[in-house]
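Okay, so here's the structure we're looking at.
What follows draws every value from the coordinates through simple rules; no lab data is involved. Keep in mind the model is a prediction, meaning the values are calculated, not measured. Heads up, the Cβs are rebuilt from the backbone with ideal geometry, glycines too, and the neighbour counts pull from every protein chain shown.
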Amino acid sequence: MSTNKQIYISDYCLTQIVRLTNQRATTIKLLTHTPMQGANCSFVVDDDGFSADSRSDVNRETSRDISRDFARDGSGVSESVSIARLLTHKWAVYTRSVFVDSAVAQAISASLSYGRNNTVLQRKLVNASIQLAASINRDVLAGPGVGRRVFGLANAIGCANNTCYGIDRTDPSNAFFRPFVSNPGTLSPLTKYQIRNDLRQIYDVSNQIPDIAICSPAVFDNAVSLYDRSIRWVSEMRLRRGIVKLPSGGEGANIEGCTFFRDWDAAPHSIAYVNTNYVELAYLLTRPSIPPVDTCDQPAGEELGIFPFGASFAGPADDQSRASVRVVCQLAVSKPNTCGMRWSIAT
């Protein structure tokens, strides 16, 4: 019985993986990739005294916060206490396998082609990695969170009355964990008022404005047309993960202080408002063939940034024509009330 061995990807192939992934998978390019360990994806949130203050804008790492509201005469003091909760969700697993046909392998071995079989295998791994990134990107946007798949934004911030990471959002005591959601139920044209109102509603409960908005190309064009003469196009911006450089044709459009991006995988007729300070793509730190890197401070340009986050490339030790790439990851949204979603936009 053969055992798997780690496969080390050449610098050229890794550069290709990073460059092509940045072009193909818009949303996961914009999010911070955070290495984690353990049987489940785990992260800490706290309600930040939401019930007393109607806001929850203290850093999520704070495990116990005392907020004091002094009366004007200085004599009255009220306190609200927030206790952190440890949330967990099972890891999602994504795998792609590649195979170099034996006839092809024999032909290459008999020729003087540069790189021979290993070059073909690595080229196939590049293609497999791009397909894998596309699958993860789709699920980050709309994954169901079951069957070893990512719990996507459509469920984490696109619904306010479901159970999210074990928290029942229909319970009034969990109001701090609800995103802003607008769904008229019937398709209607997008307006400036709707965008402004969406952002204001999120600001009212979180004291923060989402820094990015993800939408389909059709919805993106509708939003841009509303502000045609006042659009500020963004080719580079600082997010939690660091400076993100955007290729020609993939620029963002700054609208009402929030930068809109088109993503081919985005749900039609919707806008996902995302605060990247509280939305991250966690990955399981295993034994990757690429040294694990926290991309928070890594630039993400055409050929910069790091993918695949904690991916492992492996193949049978006695077979040079088979290999696979595997990523174990999960979306972690620690403060859904800083995000939101609008549905039913006519295009």
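Cross-link partners of Lys29 among lysines, defined as those whose alpha carbon lies under 21 angstrom from its own and excluding same-chain residues fewer than eight positions apart: Lys245, Lys335.
In this structure the amide hydrogen of Leu190, modeled in the peptide plane, comes within under 5 Å of the amide hydrogens of Ala346, none closer than 5 places in sequence on its chain. Partner lysines whose Cα lies under 19 Å from the Cα of Lys124, excluding those fewer than 8 positions away in the same chain, are identified as Lys5.
Let me know the shape class of region 205-271, please: from the alpha-carbon gyration tensor, a ≥ b ≥ c as square roots of the eigenvalues, rounded when a/c is under 1.5, otherwise prolate if a/b is greater than b/c, or oblate. In terms of gyration-tensor shape, rounded.
Here the extension length gained between Arg123 and Met237 equals 37.9 nm, from 0.36 nm per residue of separation less the Cα-Cα distance. Quick one: grab the alpha carbon gyration tensor of region 130-193, order the square roots of its eigenvalues as a ≥ b ≥ c, and give me rounded if a/c is under 1.5, else prolate or oblate depending on whether a/b is larger than b/c. Since a/c reaches 1.5 but b/c is at least a/b, the shape of region 130-193 is classed as oblate. Label sites at Gln131 and Ser188, each approximated as a point 7 angstrom past Cα along Cα to Cβ, lie 4.3 nm apart.
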